[in-house]
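Some notes on the structure that comes next.
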Amino acid sequence: MVGGTSSGCPQWAALVAIADQIAGHGLGLLNPKLYALASGPNYGAYFYDVTTGNNQADPSIPGYPATTGWDPVTGLGTPNAALLLPALAS
């Protein structure tokens, strides 16, 4: 199986390494900055919000739907690296 955290974690590790390089130093704990950016007025510039679909694989288990903003299926959404990384590094 390919996808989910098996592909998402290495991709985020690469994005954080690039943001570290942009900043010229390690950025440390990113969650406060990520969620501050996501809750601000430019959320749509930093993330592509996934609002359709779900993670239901077994019809007998409901799963979670993708919704507007953060959700358990897609998190904050797909990062727009060109805009998000400089914002993280600032």
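The values are calculated or read from the model by the stated rules, or taken from the named source; none is laboratory data. From a predicted model like this one, the values you see are computed outputs, not experimental measurements. What goes into the accessible areas is simple: the full protein's heavy atoms, side chains included, and nothing from ligands, DNA or RNA. Shrake-Rupley method; radii C 1.70, N 1.55, O 1.52, S 1.80 Å.
Taken per residue, the accessible surface of the chain reaches 64 Å², heavy atoms only and a 1.4 Å probe. Where is the GNM fluctuation largest for the chain (alpha-carbon springs, 10 angstrom cutoff): PRO79, PRO41, PRO65? Most flexible of the set in this elastic network: PRO41.
With all protein chains in place and a 1.4 Å probe, the accessible surface of the chain carries 62 percent carbon and sulfur. Across all Cα atoms of the chain, the radius of gyration (one decimal) and Dmax (whole number) stand at 14.5, 49 Å.
Helix-only arithmetic for the chain: the sum of -39500 (n - 2.57) across DSSP H runs with n ≥ 4, divided by the residue total, places the mean residue ellipticity at 222 nm at -13500 deg cm²/dmol.
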